[in-house]
């Protein structure tokens, strides 16, 4: 379940590994800061403001005359930066607090309750710059205006801004380093995919962490071994097939001087079978030769193959699901031989063959259906191996069991798949999937 919610790419997961703890740390830091520092600072500021207001109120209460009010106003402005107004005969409306009252207002109210001996009320939000505290006296109401900074600390937001900005900066630096570490891994993955698709893989510079360099070195060694083994196998099979041609040719010449007889006919049949087998070996070896990739239009290639098969009788048809098939990188000779082998089998064992070409966002599919006897399910894997033949009509089964094997190797060398199934006509369906 967790794996489905995680990012698919290594870069995304590394970013998540760095970002998630950083976000959690910042959240905890901010919560602790607000819970302790901000609340503590607000409590102290409320207590100090309430003490200053109590001093002003007591100074006027000791002598509630017009002259003393002027002296109180001067005192408040000079030492506390308060503005004071008087409302003769005024009456205040006490504040009503609730559970939703902001913390700063509750702290100020509690501090005034502790230090004031006169009825009061307060307004912290009507003015964006000032807060108002009204105090009830016998003759009227005194209104004290104080700066909002006396109770609301701006350092709280500065700390939050500093915390967030440094986190963004550290995250940006981390992204740069993560990209540098992921880049060689992407390059290695791309090279492995190219090798899997049978395409040439140029040498690339080994860089990144030590583990990535070791993986790159192992990939280079593996690629060299694969190429060397393919070349050695091809050379050995081609050499053996070529060497067998010489004694086989001598046998044909000697057999030509023998009189006509049943024995001669049997020997000619055996020699022709051996010649067909050697030709199959040579074709198998030549199919393994590394061919240069080039851009090909698969539809045009299939149309040429079908046209060649239909020169004598029209038994192969082409079905395109859409127009404008894209050109793809292929070893043209290899794929052409694979399609020719499959269509040849379909024509040999059936009466009709239908070739369908489809595509999606990731691959092109070539589906070849025939109405022949098909291949039993328990033998569909074994027939893809070299030199495996089914027990069929000997006249039709004149090959050496390399047709499907050559086709399968060619498709696998392009990073594709060759699948065998049942055709709607009752015969064999061969599905070739080639990546775009």
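Is it the case that the stretch 275-295 has a residue that's at pLDDT 80 or above and more than 30 Å from residue 351 (Cα to Cα)? Yes, because at least one residue in the stretch 275-295 is at pLDDT 80 or above and more than 30 Å from residue 351 (Cα to Cα). Of the residues making up the stretch 147-162, none is at pLDDT 80 or above, surrounded by fewer than 11 Cβ atoms within 10 Å (Cβ to Cβ) and out of contact with any strand residue (DSSP E or B) (no Cβ under 6 Å at 6 or more places or on another chain). Taking the options 72, 42, name whichever one is buried (at least 17 other Cβ atoms within 10 Å of the Cβ), at pLDDT 85 or above and under 25 Å from residue 146 (Cβ atoms). Selected residue: 72, the only one of 72, 42 that is buried (at least 17 other Cβ atoms within 10 Å of the Cβ), at pLDDT 85 or above and under 25 Å from residue 146 (Cβ atoms). Within the stretch 160-194, restricting attention to residues that are in contact with a helix residue (DSSP H, G or I) (Cβ under 6 Å, 6 or more places away or on another chain) and free of Cβ contacts under 8 Å to residues at least 40 places away in the same chain, the residue that is farthest from residue 414 (Cα to Cα) is 184.
If I filter the stretch 60-69 down to residues being surrounded by fewer than 16 Cβ atoms within 10 Å (Cβ to Cβ) and touching a helix residue (DSSP H, G or I) at 6+ places or on another chain (Cβ under 8 Å), which single residue comes out as nearest to residue 84 (Cα to Cα)? So the residue we want is 68. The number of residues in the stretch 57-112 that are part of a loop (DSSP other than H, G, I, E, B) and closer than 22 Å to residue 140 by Cβ comes to 12. Being within 17 Å of residue 298 (Cβ to Cβ), within 36 Å of the chain's Cα centre (by Cα), surrounded by 14 or more Cβ atoms within 10 Å (Cβ to Cβ) and modelled with pLDDT under 85 is a condition met by at least one residue of the stretch 333-346.
Scanning the stretch 217-238 for residues that are modelled with pLDDT under 80 and within 16 Å of residue 194 (Cα to Cα) yields a total of 6.
With respect to residue 115, is the statement that it is within 22 Å of residue 75 (Cα to Cα) and surrounded by 15 or more Cβ atoms within 10 Å (Cβ to Cβ) true? Quick ask: steps written out before the conclusion?
Values: within 22 Å of residue 75 (Cα to Cα): yes; surrounded by 15 or more Cβ atoms within 10 Å (Cβ to Cβ): yes.
So residue 115 fits the description; yes.
When restricted to residues that are more than 15 Å from residue 135 (Cβ to Cβ) and either over 60 Å from the mean Cα position of the chain (by Cα) or not assigned by TED's automatic domain parsing to the domain that holds residue 143 (or both), the stretch 76-106 contains 4.
Within the stretch 117-133, which residues are out of contact with any helix residue (DSSP H, G or I) (no Cβ under 7 Å at 6 or more places or on another chain) and either assigned to a loop (DSSP other than H, G, I, E, B) or closer than 20 Å to residue 65 by Cβ (or both)? Quick ask: steps written out before the conclusion?
Here is the first cut: in the stretch 117-133, the residues out of contact with any helix residue (DSSP H, G or I) (no Cβ under 7 Å at 6 or more places or on another chain) are 117, 119, 121, 123, 125-128, 132.
Residues satisfying the conditions are 117, 119, 125, 126, 127, 128.
Residue count for the stretch 322-332, restricted to those that are under 29 Å from the mean Cα position of the chain (by Cα) and not in a loop (DSSP other than H, G, I, E, B): 3.
Working only within the stretch 356-370, note down all residues that are touching a strand residue (DSSP E or B) at 6+ places or on another chain (Cβ under 8 Å) and in a loop (DSSP other than H, G, I, E, B). Show your work before the answer.
Filtering the stretch 356-370 down to residues touching a strand residue (DSSP E or B) at 6+ places or on another chain (Cβ under 8 Å) leaves 356-359, 362-370.
Selection gives 362 alone.
The values are calculated or read from the model by the stated rules, or taken from the named source; none is laboratory data. As the structure is a prediction and not an experimental result, all values here were calculated from the model. Cβ coordinates were reconstructed from backbone atoms using ideal geometry, including for glycine residues, and neighbour counts include every protein chain displayed.
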